[in-house]
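Take a look at the structure below.
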Amino acid sequence: MAKLRVQSFGVSLDGYSAGPNQDLQHPLGVNGLEVMEWFLHTRVWRDMHGQGGGETGVDNAMAEQGFNGIGAWILGRNMFGPVRGPWPDESWKGWWGEEPPYHVPAFVLTHYARAPLKMKGGTTFHFVTDGIHAALDQAKAAAGDRDVRVGGGVGTVRQYLQARLIDELHLAVRPVLLGGGEALFAGLDLRALGYECVKSVAGERATHMFLRKR
Ligand SMILES: NC(=O)c1ccc[n+]([C@@H]2O[C@H](COP(=O)([O-])OP(=O)(O)OC[C@H]3O[C@@H](n4cnc5c(N)ncnc54)[C@H](OP(=O)(O)O)[C@@H]3O)[C@@H](O)[C@H]2O)c1
């Protein structure tokens, strides 16, 4: 059965998955890049950016499996970009340039309606204004028998966890302290929600934790 998966989700030792004060210069918030530093060295990341090389160790293997079998994505509006409030125009098309790395439909949660945005390489951004269940229904329909990946950001992952809709969660825990930002676990009792850690793998720059819903 198709699953709802969170993959390669970076988190600092003190539980933050993004720094504070996101803006154009800081897509992951101030100091937030430190939680994704493990990913930036991988061949997967370099391929996504049209660059050769990159490391092919454990971190790369962990990043790679996160793209396997994914038929649609769900993103929060802040992961899509730094624009807040009503869309001033249609000019913001995501952080990723003309050809985003999704290559399948991506459903963006927002309170502000916008027409679908077709990009190069198979990604179409659909803006969903009626909540997490509607986004999941649409993503599942688009994905068919493949899985749906919740890409983030933090608030989006938290809502799907709180609703017990995530089947599998792969966290890349980084040995850094952010001190502030978007806290992944604050106020969430993952144990009571039925999650357990089933595997832990030491990578080069992160420890990979795999959680499942019982
Ligand atoms: N550590 C990682 O692996 C990782 C991965 C991805 C992203 N990130 C980072 O996470 C940060 C973003 O996380 P975030 O928590 O700030 O935001 P987010 O989850 O990306 O987006 C939150 C926004 O999405 C819209 N939204 C969310 N749920 C909604 C709902 N149920 N109905 C309607 N609209 C809804 C709202 O925007 P509006 O009200 O404005 O429409 C809300 O403010 C960024 O810094 C990003 O780079 C980290």
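The values are calculated or read from the model by the stated rules, or taken from the named source; none is laboratory data. Everything numeric in this text was worked out from a predicted model, so none of it was measured. Glycine also receives a Cβ, built like all others from the backbone with ideal geometry; neighbour counts cover every protein chain displayed. With ligands, DNA and RNA removed, areas are computed over all heavy atoms of the protein, side chains included. Shrake-Rupley method; radii C 1.70, N 1.55, O 1.52, S 1.80 Å.
Quick look at the numbers
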{"quantity": "Index of the failed condition, residue 179 passing every other in (1) farther than 24 Å from residue 2 by Cβ; (2) touching a strand residue (DSSP E or B) at 6+ places or on another chain (Cβ under 7 Å)", "calculated": "(2)"}
{"quantity": "Count of the range 41-78 residues which are open to solvent by 50 Å² or more (accessible area, probe 1.4 Å), within 22 Å of residue 178 (Cβ to Cβ) and not aromatic (Phe, Trp, Tyr)", "calculated": "2"}
{"quantity": "Subset of the range 118-132 (residues that are more than 9 Å from the ligand (Cβ to nearest atom) and loosely packed, with under 15 Cβ neighbours inside 10 Å)", "calculated": "118, 120, 121, 122"}
{"quantity": "Breaking point among (1) of a type outside the set (A, V, I, L, M, F, W, C); (2) closer than 13 Å to residue 18 by Cα; (3) buried (at least 19 other Cβ atoms within 10 Å of the Cβ), for residue 155", "calculated": "(3)"}
{"quantity": "Subset of the range 139-182 that is more than 13 Å from the ligand (Cβ to nearest atom) and in a helix (DSSP H, G or I) - its residue that is farthest from residue 34 (Cα to Cα)", "calculated": "141"}
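Here is a yes/no grid of residues against (1) aliphatic (A, V, I, L, M); (2) in contact (Cβ under 8 Å) with a residue 24 or more places away in the chain; (3) touching a strand residue (DSSP E or B) at 6+ places or on another chain (Cβ under 6 Å):
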site	(1), (2), (3)
1	yes, no, no
48	yes, yes, no
58	yes, yes, no
68	no, no, no
82	no, yes, yes
86	no, yes, no
